[in-house]
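One structure is given here, and the rest of the page talks about it.
The values are calculated or read from the model by the stated rules, or taken from the named source; none is laboratory data. Values in this document were obtained by computation on a predicted structure and should not be read as measured data. Virtual Cβ from ideal backbone geometry, glycine too; neighbours counted across all protein chains shown. Surface accessibility is based on the protein's heavy atoms, side chains included, excluding ligands, DNA and RNA. Shrake-Rupley method; radii C 1.70, N 1.55, O 1.52, S 1.80 Å.
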Amino acid sequence: MKTIGLIGGMSFESSVEYYRLINEEVKSKLGGLHSAKCILYSVDFYEIQRYQAEGDWESAGNLLGDVALILEKAGADFILLCTNTMHKVVELVEKKITIPILHIADATANQIKKSGVSKVGLLGTKYTMEQDFYKSRIESNGISVLVPSAEERDGVNRVIFEELVLGNIKQSSRDYYKQVIQRLIDNGAEGIILGCTEIGLLVKQEDSQVPIFDTTVIHAIASVTKALEEDDLNLK
């Protein structure tokens with residue numbers, strides 16, 4: 001079993017889910033008392049969010065790159081960035097290490113293709129919904145990506161940063177997300193990407209008429225698949 005290096009804390013609410021999902025998947029695949037070999041470095045999300053707000057992505061990338069290097073030196077065989085938004089700086093992180101990074105958008109696109117869906121709606125932070133670093137990675141797999149209106153993007157982003165990262169789960173926000181999802185479906189979305197690792201705490205499959213692609217679940221399960229592979233595929 002390979003050792004998974006987890007960069008968490010963005011936010012710790014979703015990092016808890018990663019740890020649980022990874023260990024449950026290992027137990028499911030191997031049985032008995034098996035659990036995952038993993039190393040978790042949890043960053044201070046305040047620092048990361050400050051860099052985001054200031055547009056200082058280089059500093060954020062260098063910080064996460066230093067963390068990834070610590071995980072590599074500690075024995076990790078590959079890295080998981082336990083966040084969607086910070087994959088914006090994945091190339092800066094890759095420059096600091098020699099082990100691969102399992103990209104969350106690649107894992108998600110693979111799952112979408114397996115389902116036969118060709119057009120998806122994307123929910124996430126404003127950075128993820130509005131900038132190209134994430135959408136283009138999905139679209140490079142032949143999948144069309146729709147995003148909510150500007151007003152809805154503001155609302156989706158507000159719920160993430162003012163509620164979900166703090167562990168506050170509100171029915172009113174779930175109802176709002178369901179409305180946003182329905183409008184994406186009305187505009188042709190055949191599936192919905194939960195493109196922020198906290199959204200899965202709020203939105204479940206029963207909240208959508210089309211398939212939900214929860215990136216936290218997809219990424220965690222993909223990491224277990226890689227950890228148990230006999231041949232080390234370079235996913236960097």
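In the range 1-21, which residue that is of a type in the set (Val, Ile, Thr) and open to solvent by 10 Å² or more (accessible area, probe 1.4 Å) is nearest to residue 46 (Cα to Cα)? So that I can check it myself, show each step before the final result.
Pass one, the range 1-21, residues of a type in the set (Val, Ile, Thr): 3-4, 7, 16.
Filter once more, so that each one left must be open to solvent by 10 Å² or more (accessible area, probe 1.4 Å): 3, 16.
Working: 3: 27, 16: 18 Å.
Of everything passing the filter in the range 1-21, 16 is nearest to residue 46 (Cα to Cα).
How many residues are under 15 Å from residue 128 (Cβ atoms), assigned to a helix (DSSP H, G or I) and β-branched (Val, Ile, Thr) when one looks only at the range 175-194?
Residues that pass the stated criteria total 1.
Could you say whether any residue in the range 162-174 is assigned to a helix (DSSP H, G or I) and within 15 Å of the chain's Cα centre (by Cα)? If you could, list the steps in order and put the result at the bottom.
If we filter the range 162-174 for residues that are assigned to a helix (DSSP H, G or I), which is where we start, we get 162, 164-166, 171-174.
With the extra rule that they be within 15 Å of the chain's Cα centre (by Cα), the set shrinks to 164-165.
Yes, there is a match, as at least one residue in the range 162-174 is assigned to a helix (DSSP H, G or I) and within 15 Å of the chain's Cα centre (by Cα).
State all residues of the range 86-137 that are over 23 Å from residue 8 (Cβ atoms), over 16 Å from the mean Cα position of the chain (by Cα) and among the polar types (S, T, N, Q); if no residue qualifies, say none.
Selection gives 115, 118.
Considering the range 129-148 alone, what residues qualify as being assigned to a helix (DSSP H, G or I) and farther than 21 Å from residue 202 by Cβ? Explain how you work it out, then say what you get.
Let us first name the residues in the range 129-148 that are assigned to a helix (DSSP H, G or I), namely 129-130, 132-139.
132, 133, 135, 136, 137, 138, 139 - these are the residues of the range 129-148 that are assigned to a helix (DSSP H, G or I) and farther than 21 Å from residue 202 by Cβ.
Of the residues in the range 94-128, how many are of a type outside the set (Gly, Ala, Ser), over 19 Å from residue 216 (Cβ atoms) and either open to solvent by less than 10 Å² (accessible area, probe 1.4 Å) or in a loop (DSSP other than H, G, I, E, B) (or both)?
6
Considering each residue of the range 7-51, count those that are assigned to a loop (DSSP other than H, G, I, E, B), among the hydroxyl-bearing types (Ser, Thr, Tyr) and under 18 Å from residue 101 (Cβ atoms), and give that number. I'd like the intermediate steps shown before the answer.
Narrowing the range 7-51 to residues assigned to a loop (DSSP other than H, G, I, E, B): 9-11, 31-37, 43-44.
Then keep just the ones that are among the hydroxyl-bearing types (Ser, Thr, Tyr); that gives 11, 35.
If we keep only those that are under 18 Å from residue 101 (Cβ atoms) too, we end up with none.
The qualifying residues number 0.
Considering only the range 46-76, state which residues are surrounded by fewer than 18 Cβ atoms within 10 Å (Cβ to Cβ) and either under 17 Å from the mean Cα position of the chain (by Cα) or closer than 18 Å to residue 18 by Cα (or both).
49
(1) under 17 Å from residue 117 (Cβ atoms); (2) at pLDDT below 95; (3) among the hydrophobic types (A, V, I, L, M, F, W, C): which one isn't true of residue 184, the others all being true?
The number of the failed condition is (2).
Are any of the residues in the range 190-206 within 27 Å of residue 52 (Cα to Cα), among the aliphatic types (A, V, I, L, M), open to solvent by less than 50 Å² (accessible area, probe 1.4 Å) and modelled with pLDDT under 95? Explain how you work it out, then say what you get.
From the range 190-206, those within 27 Å of residue 52 (Cα to Cα) are 192-203; that's our starting set.
Now narrow it down to the ones that are among the aliphatic types (A, V, I, L, M): 192-194, 199, 201-203.
Imposing the further condition that a residue be open to solvent by less than 50 Å² (accessible area, probe 1.4 Å) reduces the set to 192-194, 199, 201-203.
Of the ones still in play, those that are also modelled with pLDDT under 95 are 201.
Yes, some residue in the range 190-206 is within 27 Å of residue 52 (Cα to Cα), among the aliphatic types (A, V, I, L, M), open to solvent by less than 50 Å² (accessible area, probe 1.4 Å) and modelled with pLDDT under 95.
Kindly indicate which of 180, 165, 159 is in contact with a Gly (Cβ under 8 Å, 6 or more places away or on another chain) and either on the phi < 0 side of the Ramachandran plot or crowded, with 16+ Cβ neighbours inside 10 Å (or both). Steps first, please.
Numbers: 165 fails: in contact with a Gly (Cβ under 8 Å, 6 or more places away or on another chain); 159 fails: in contact with a Gly (Cβ under 8 Å, 6 or more places away or on another chain).
Sole residue among the options that is in contact with a Gly (Cβ under 8 Å, 6 or more places away or on another chain) and either on the phi < 0 side of the Ramachandran plot or crowded, with 16+ Cβ neighbours inside 10 Å (or both): 180.
Among the numbered criteria (1) at pLDDT 95 or above; (2) closer than 18 Å to residue 124 by Cα; (3) among the hydrophobic types (A, V, I, L, M, F, W, C), which one does residue 93 miss?
Every condition holds for residue 93 apart from (2).
Give all pairs with beta carbons closer than 8 Å in which a residue from the range 14-25 that is in contact (Cβ under 8 Å) with a residue 60 or more places away in the chain and closer than 14 Å to residue 198 by Cβ meets a residue that is open to solvent by less than 50 Å² (accessible area, probe 1.4 Å) and among the acidic types (Asp, Glu); count only pairs at least 6 apart in sequence or on separate chains.
Sorted first by the residue in the range 14-25, then by its partner, the pairs are 14/198.
Run down 65, 55 and say which single residue is under 17 Å from residue 127 (Cα atoms) and free of Cβ contacts under 8 Å to residues at least 40 places away in the same chain. Talk me through it step by step, then tell me what you get.
Working: 65 fails: under 17 Å from residue 127 (Cα atoms).
Of 65, 55, the one residue that is under 17 Å from residue 127 (Cα atoms) and free of Cβ contacts under 8 Å to residues at least 40 places away in the same chain is 55.
Take the residues in the range 7-42 that are touching a helix residue (DSSP H, G or I) at 6+ places or on another chain (Cβ under 6 Å) and hydrophobic (A, V, I, L, M, F, W, C); name whichever of them is farthest from residue 222 (Cα to Cα).
Filtering first and then ranking leaves 10.
Taking the condition over 18 Å from residue 118 (Cβ atoms), of a type in the set (Asp, Glu), modelled with pLDDT of 95 or more and in contact with a Lys or Arg (Cβ under 9 Å, 6 or more places away or on another chain), does residue 175 pass?
Details: over 18 Å from residue 118 (Cβ atoms): yes; of a type in the set (Asp, Glu): yes; modelled with pLDDT of 95 or more: yes; in contact with a Lys or Arg (Cβ under 9 Å, 6 or more places away or on another chain): no.
Here the answer is no, as residue 175 does not meet what is asked.
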